[in-house]
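Some notes on the structure that comes next.
The values are calculated or read from the model by the stated rules, or taken from the named source; none is laboratory data. Just so it is clear, the model here is predicted, and its values are computed rather than measured. Neighbour counts are summed over all protein chains in view; Cβ atoms, including those assigned to glycine, are modelled from backbone coordinates with ideal geometry.
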Amino acid sequence: MASKRGATTTKDTEEVPPSGALRRAAVPTRLGYSTITPDIPEINPRHAAYRLEIRESSIHRWGVYALENIPANHKVLEYTGERLNRKQSKERAGQHGGMVYLFTLDNYWTIDGARGGSGAEYVNHCCDPNLETQILKDHILFMSRRDILAGEELTLDYRFAKNVQKYECKCGSPICRGTINLLK
Ligand SMILES: [Zn+2]
């Protein structure tokens, strides 16, 4: 019995969820055992002004959802991450391949949400978003553009430049411009 960790008698075979099982409930909550698998992105509540959660999105892979009502024109979530200068962000953009979470702070600094991100990096693009960005004293804040109801997915207009690689948009909004890039 000396090899047993924690206070429960859960069989060791139950400790690892099967691949593809991304539900938090599948992970045992034993003492000294992480309740978080690396596969499940999390919102860092320190940077969120409301209760939010990340779960699978119909727009793209993961999305951030409101767990409570959020009034218009309020700070919802801060975009955090590693701060990179112009040269570093250029290198980083080349390294990541498919998943890039670089957010331009100003014409010198970029925030890489892939390292130290609050979870804001999982907010999906929409052409008619319920969030907008506000840069305030070196902080990237996601503000509510309108009232947001509990259960709604949070979205932001990524405003990719017109002259870079085009990304098709499937946001489903009646005013979808068809691409995540700006048209002009
Ligand atoms: Zn769209």
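Quick check: anything in segment 94-112 among the hydrophobic types (A, V, I, L, M, F, W, C), farther than 25 Å from R55 by Cβ, touching a strand residue (DSSP E or B) at 6+ places or on another chain (Cβ under 9 Å) and without any contact (Cβ under 8 Å) to a residue 40 or more places away in the chain?
Narrowing segment 94-112 to residues among the hydrophobic types (A, V, I, L, M, F, W, C): 99-100, 102-103, 105, 109, 111.
Those still in the list that are farther than 25 Å from R55 by Cβ too: 105, 109.
Checking which are touching a strand residue (DSSP E or B) at 6+ places or on another chain (Cβ under 9 Å) leaves us with 105, 109.
Applying the additional criterion that residues be without any contact (Cβ under 8 Å) to a residue 40 or more places away in the chain yields 105, 109.
Yes, the conditions are met somewhere in segment 94-112.
For residues that are at pLDDT below 95, under 19 Å from E121 (Cβ atoms) and aliphatic (A, V, I, L, M), tally how many sit in segment 18-53. Quick ask: steps written out before the conclusion?
Residues of segment 18-53 that are at pLDDT below 95, as a first pass: 18-42.
Filter once more, so that each one left must be under 19 Å from E121 (Cβ atoms): 22, 36-42.
Within this subset, residues satisfying the condition of being aliphatic (A, V, I, L, M) are 22, 36, 40.
Final tally of qualifying residues: 3.
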Among the numbered criteria (1) acidic (D, E); (2) part of a loop (DSSP other than H, G, I, E, B); (3) within 16 Å of the ligand (Cβ to nearest atom), which one does D106 miss? (3)
Show the residue pairs that are 6+ apart or on different chains and have beta-carbon atoms under 7 Å apart, the first residue being within segment 122-148 and in contact (Cβ under 8 Å) with a residue 60 or more places away in the chain, the second being within 16 Å of the ligand (Cβ to nearest atom) and hydroxyl-bearing (S, T, Y). V123/T155; N124/S57; N124/T155; H125/T155; H125/Y158; C126/T155; C126/S173
So, in segment 44-91, of the ones that are in contact with a strand residue (DSSP E or B) (Cβ under 6 Å, 6 or more places away or on another chain) and part of a helix (DSSP H, G or I), which residue ends up nearest to A150 (Cα to Cα)? H47
List pairs: first in segment 156-184 and under 22 Å from R146 (Cβ atoms) and without any contact (Cβ under 8 Å) to a residue 40 or more places away in the chain, second near the ligand (Cβ under 8 Å from one of its atoms) and not in a loop (DSSP other than H, G, I, E, B), Cβ under 8 Å, 6+ apart or cross-chain? L156/H125; D157/H125; Y158/H125
Taking the condition of being more than 11 Å from the ligand (Cβ to nearest atom) and crowded, with 17+ Cβ neighbours inside 10 Å, how many residues in segment 150-183 meet it? 3
